[in-house]
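Here's the structure, in structure tokens; my notes come after.
The values are calculated or read from the model by the stated rules, or taken from the named source; none is laboratory data. Owing to the predicted nature of the structure, the values given are computational and were not obtained by experimental measurement. Note: ideal-geometry Cβ built from the backbone for every residue, glycine included; neighbour counts use all protein chains shown.
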Amino acid sequence: MSKENKKVTTMNCPKCGSNETFLNKKSGKLVCKHCKYEYEPVKYEDKVKDLKKLKGTEVSSGAGFIDKKSIELVTLNCPNCGAVSVTSNSEGYTKCHWCHSILTIDENGSSKAPDQILPFKTSKEDALKAMNSFIDGVSKKYNKSFRDNLVPDNVIGVYLPYMLADINDHFVMAGSGEEEYKKVGNNVEVKVYNIEREFDLTIDDIAVEASENISNDFKNRTNYVIRSVAPYDTNDSVKFNGNYLDGFAIEKRDMNIKDTYKDVNSRVTRVAKYAIRDSISQYKQSVRWTKEKITKHGTQWSTAYVPVWLYTYSVPKDKSGKVYYLAVNGRTGRVNGELPLLKESKLKTILICQVISLISALVLAAMISPIEIEVGTYNPVSYIITFIVLYILISIFSTAIGLANEGKESEKNNCYDLDNNYSVSNMIEKDECIRTYVKKVYDSSNNN
Ligand SMILES: [Zn+2]
Ligand SMILES: [Zn+2]
């Protein structure tokens, strides 16, 4: 256990000197409680702004290593009233118990406070409206108490942690592709190429959820929740200040940079393939990449809190303890969630799957071992055995798939990292024709 004295800052109104603020959820700006002066937020600035000049590894103070096992005691002197607070709260801020100033630990003081924050810009009322219209759009029957419990008190504003990586990488990608060269009568001549693309790529703010999955259902869902309402406008983030957190819940970051490597790298590769799509357009969709070599010039790490309005619900007496939720992006108002669908609906799914399995097993069995209709030799045994085996297999598969897809009303996520700002430079293209062949039927409607 260590005990340190940290430098802190408070926000005092330049007009009236008051230390109390609230967040204007329309503008995302802090407002003085007394004279209503609206603070101009301090924009967050990356240390390296020109990503092409990014070399080595830059780690901001907020992305430092977190040791989950150590408890750090921090001594904070309130600049407003002089009171001394000792706190184990090392999240980067605390409230002075005498004058109610929010004490924000200075930069470089705490690795547990993020560098930047996206303040709420959507009101609770608007979040509730979005949640209700999301439920209205669900066609299946769901547990009615899910909606009955959707009242303002149960909707909580939470800041969730993001790890942000700025990337400056060198790529060598190789593979093959086919170009439809010319039409010969009804056929088409196709040229097969070996393709190589070598280029530098910078990407701004690859965003990865930074709250670890532990074996607790709600925690497991945190990353899913944040992904379901992404993307966030991290370019508009402001410098972290504890005043933005007042009145909201926060989920602490418990992942370190190395825990996010896998996630970051897979997104970088996706952005890379997307970024060079124009340079391989002559091959339509036929390119198969077989080699990807990435050399890192530099990476810049920082952390952010992003806002979400969250409503959670578990069905009483449900032994699985499953947590259903509705989430609204606190910046864009985008809504997503998962509803507790009713048992009847599950039974119906199972019944439908059984009927489908029955019919397809009957037909398939007849195709595999046809019934001998010749009089006297009729022997249905092989047909019946084939039918039973097929029926069991198909019904297991279809029921599993049917139930797994229950309740998933909206799954349009996961593609948001292609919204990142990226830039490709120093492109070297090598295209070598290795053979030509004639494709039999040319179907002009198949051009995409
Ligand atoms: Zn004021
Ligand atoms: Zn004080």
- Task: Please report, ordered by residue number, the strands (runs of 3 or more DSSP E) entirely within segment 48-160 with at least 1 residues that are without any contact (Cβ under 8 Å) to a residue 40 or more places away in the chain.
- Result: 84-87
- Got at least one residue in segment 156-164 being surrounded by fewer than 19 Cβ atoms within 10 Å (Cβ to Cβ) and either modelled with pLDDT under 95 or closer than 30 Å to Asn329 by Cα (or both)? yes
- Report yes if some residue within segment 54-72 is within 16 Å of ligand 2 (Cβ to nearest atom) and at positive phi; otherwise report no. no
- Task: For segment 422-436, indicate whether the set of residues that are surrounded by fewer than 15 Cβ atoms within 10 Å (Cβ to Cβ), modelled with pLDDT under 85 and outside the structural domain of Lys273 (by TED's automatic domain parsing) is non-empty.
- Result: no
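Could you please let me know if Lys262 is out of contact with any helix residue (DSSP H, G or I) (no Cβ under 8 Å at 6 or more places or on another chain) and free of Cβ contacts under 8 Å to residues at least 24 places away in the same chain? Give the steps one after another, and end with the answer.
On the way: out of contact with any helix residue (DSSP H, G or I) (no Cβ under 8 Å at 6 or more places or on another chain): yes; free of Cβ contacts under 8 Å to residues at least 24 places away in the same chain: yes.
Answer is yes for this residue.
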- Query: Within segment 164-173, is even one residue within 30 Å of Gln282 (Cα to Cα) and touching a Phe, Trp or Tyr at 6+ places or on another chain (Cβ under 6 Å)?
  - Reply: yes
- Message: Pairs please, first residue from segment 162-185 and small (Gly, Ala, Ser), second anywhere and surrounded by fewer than 18 Cβ atoms within 10 Å (Cβ to Cβ) and assigned to a strand (DSSP E or B), Cβ atoms under 6 Å, 6+ apart in sequence or on different chains.
- Response: Ala174/Glu196; Ala174/Lys291; Gly175/Arg288; Gly175/Trp289; Gly175/Thr290; Ser176/Asn194; Ser176/Arg288
- Task: Output the residues belonging to segment 18-33 that are away from ligand 1 (no atom under 13 Å from the Cβ), touching a residue at least 40 places away in the same chain (Cβ under 8 Å) and buried (at least 17 other Cβ atoms within 10 Å of the Cβ).
- Result: Leu23, Lys25, Gly28, Lys29
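Do you know which of the residues in segment 14-33 that are in a loop (DSSP other than H, G, I, E, B) and among the polar types (S, T, N, Q) is nearest to Tyr159 (Cα to Cα)? I'd like the intermediate steps shown before the answer.
Of segment 14-33, the ones in a loop (DSSP other than H, G, I, E, B) are 14-20, 25-28, 33.
If we keep only those that are among the polar types (S, T, N, Q) too, we end up with 18-19, 27.
Details: Ser18: 25, Asn19: 22, Ser27: 17 Å.
Filtering first and then ranking leaves Ser27.
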- Among the residues of segment 34-47, which ones are more than 9 Å from ligand 1 (Cβ to nearest atom) and either basic (Lys, Arg) or assigned to a loop (DSSP other than H, G, I, E, B) (or both)? Tyr39, Glu40, Pro41, Val42, Lys43, Tyr44, Glu45, Asp46, Lys47
- Would you point out the residue of segment 5-47, among those that are within 16 Å of ligand 2 (Cβ to nearest atom) and among the hydroxyl-bearing types (Ser, Thr, Tyr), that is farthest from His100 (Cα to Cα)? Thr9
- Message: Can you name every one of the strands (runs of 3 or more DSSP E) wholly within segment 262-376 that holds 3 or more residues which are surrounded by fewer than 18 Cβ atoms within 10 Å (Cβ to Cβ)?
- Response: 288-314
